[in-house]
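Have a look at the structure below before the remarks.
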Amino acid sequence: MPELPEVETIARGVDARTRGDRIVEAWFSGHSEPFKTPPRQQAAGLEGRIIFHVHRTGKHLVCELGPASRLVDSSSIERDAAHEAQRPDAQWIVHLGMTGRLLVTTPDQPVAKHTHARLLLASGREIRFVDPRRFGRLEFRDLLGCAGFRGAGQEPLTVGAAAFAALFRGRRLAIKAALLNQTLLTGVGNIYADESLFRAGIRPRRQAGRLTKTELERLRLELINVLKHAIQLGGSSVSDYVDANGVRGFFQLEHFVYMRTGEACLRCGTPIKRILVAGRGTHYCPKCQR
DNA sequence: CATTTCACCTGGTGGC
DNA sequence: TGCCACCAGGTGAAAT
């Protein structure tokens, strides 16, 4: 479900509704797949902590957490604690996989099937992680002696022309496969790979290392455009994606090729083709993309 | 090493 | 109504 624009939308929604709140209680389902950190360890780390803020890196949601301010009688210790509280000392890292949702609800809302985590907050709200296919992952990371989370790949919204081109130099795999490789770029998935390649006029099967400098720069700019536009529209809701408030996105209405097999190309009228690249359904216009 | 394939899951859709 | 094949926003391990 979620690629960079969807995860960004969710991060903004969760941040707006939970920033500064305190996690009172954490509950986890019995399924083991979604837990990179054992549920007990996650619960122990999460309970009592304050949510400083929530943001996205790549396709990951990161909740920056800090200690609840302790009641102390010494003013200097209190100052130190307040100072320390500026810096997060732990993170809750959420990957939504294919079908994951992170919702902010009230406890009276019915609990959806496949709910795997519930964080009850001091405000009375609740963060819920729902994931039917269980491809998502939840991790708790203590930042004492451990670096904060960051993906291996470059962020597509901020990577420069030279660094972008360097990612693909000498590579023999299809450009579409390269775009999906999260150790090169982080955050691009099947929808935005297809859409950016269409907008740049490049066939998905072209060898990454054989694209010209001009083509690569066009691809980088179109990728940035499509991601930014999608964020503005709250992401793409192809089947069931919703943001933190349960609201669908609108970018699916702007798709040129994704899931439009056999339909007329919106630029030239040629039927959109579907092929397999890197094992993924890949959509393109045989006339507009060379 | 770079690249490709496949397993991991549930659920929706469309054909018969 | 049921059964079956196939498809789906991702990724990491195993095979090539």
Any residue at all in region A:177-191 that is touching a residue at least 24 places away in the same chain (Cβ under 8 Å), over 17 Å from the mean Cα position of the chain (by Cα) and away from DNA strand B (no atom under 16 Å from the Cβ)? no
For residues in region A:136-154 being in contact (Cβ under 8 Å) with a residue 40 or more places away in the chain and assigned to a loop (DSSP other than H, G, I, E, B), which is farthest from A:Asn181 (Cα to Cα)? A:Leu144
Top-ranked residue in region A:104-121 [being assigned to a strand (DSSP E or B) and β-branched (Val, Ile, Thr); ranked as farthest from A:Asn245 (Cα to Cα)]: A:Thr115
Is it true that A:Phe250 is among the aromatic types (Phe, Trp, Tyr) and without any contact (Cβ under 8 Å) to a residue 60 or more places away in the chain? yes
Run A:Leu167 past the list (1) touching a helix residue (DSSP H, G or I) at 6+ places or on another chain (Cβ under 6 Å); (2) within 16 Å of DNA strand B (Cβ to nearest atom); (3) within 27 Å of A:His55 (Cα to Cα) and report the number of the one that doesn't hold. (1)
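Here is a yes/no grid of residues against (1) closer than 23 Å to A:Asp15 by Cβ; (2) touching a strand residue (DSSP E or B) at 6+ places or on another chain (Cβ under 9 Å); (3) assigned by TED's automatic domain parsing to the domain that holds A:Ala278:
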residue	(1), (2), (3)
A:Leu179	no, yes, yes
A:Ser196	no, no, yes
A:Ala208	no, yes, yes
A:Arg218	no, no, yes
A:Leu227	yes, no, yes
A:Tyr241	yes, yes, yes
A:Phe251	yes, no, yes
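In the list A:Gly30, A:Gly45, A:Gly20, which residue meets the criterion of being in a loop (DSSP other than H, G, I, E, B), at pLDDT 95 or above and not acidic (Asp, Glu)?
A:Gly20
Rundown of residues vs (1) more than 15 Å from the chain's Cα centre (by Cα); (2) buried (at least 17 other Cβ atoms within 10 Å of the Cβ); (3) under 18 Å from A:Met98 (Cα atoms); (4) not β-branched (Val, Ile, Thr), yes/no style:
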{"position": "A:Ile202", "(1), (2), (3), (4)": "yes, yes, no, no"}
{"position": "A:Arg210", "(1), (2), (3), (4)": "yes, no, no, yes"}
{"position": "A:Leu216", "(1), (2), (3), (4)": "yes, yes, no, yes"}
{"position": "A:Leu219", "(1), (2), (3), (4)": "yes, yes, no, yes"}
{"position": "A:Glu222", "(1), (2), (3), (4)": "yes, yes, no, yes"}
{"position": "A:Gly235", "(1), (2), (3), (4)": "no, yes, yes, yes"}
{"position": "A:Tyr241", "(1), (2), (3), (4)": "no, yes, yes, yes"}
Return the residue satisfying two criteria in turn: it lies in region A:192-240 and is more than 13 Å from A:Leu4 (Cβ to Cβ) and of a type in the set (Ser, Thr, Tyr), and of such residues it is farthest from DNA strand B (Cβ to nearest atom). A:Thr214
If I filter region A:96-131 down to residues being more than 16 Å from DNA strand C (Cβ to nearest atom) and of a type in the set (Gly, Ala, Ser), which single residue comes out as nearest to the chain's Cα centre (by Cα)? A:Ala117
Looking only at residues that are closer than 30 Å to A:Leu276 by Cα, at pLDDT 95 or above and under 20 Å from the mean Cα position of the chain (by Cα) in region A:140-163, which one is surrounded by the most Cβ atoms within 10 Å (Cβ to Cβ)? A:Pro156
Residue match in region A:13-28 (condition: hydroxyl-bearing (Ser, Thr, Tyr), surrounded by 15 or more Cβ atoms within 10 Å (Cβ to Cβ) and over 17 Å from A:Ala117 (Cα atoms)): no
For A:Thr37, work out the one condition from (1) of a type in the set (Val, Ile, Thr); (2) modelled with pLDDT under 95; (3) touching a Cys at 6+ places or on another chain (Cβ under 8 Å) it doesn't fulfil. (3)
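Inspect all residues belonging to region A:132-152 and state whether any of them is in contact with a Lys or Arg (Cβ under 6 Å, 6 or more places away or on another chain), within 16 Å of DNA strand C (Cβ to nearest atom) and on the phi < 0 side of the Ramachandran plot.
Scanning region A:132-152, I find at least one residue that is in contact with a Lys or Arg (Cβ under 6 Å, 6 or more places away or on another chain), within 16 Å of DNA strand C (Cβ to nearest atom) and on the phi < 0 side of the Ramachandran plot, so the answer is yes.
The values are calculated or read from the model by the stated rules, or taken from the named source; none is laboratory data. The model shown is predicted, which means the values in this text are computed figures rather than measured ones. Backbone-built Cβ (ideal geometry, glycine too); neighbour counts: all protein chains shown.
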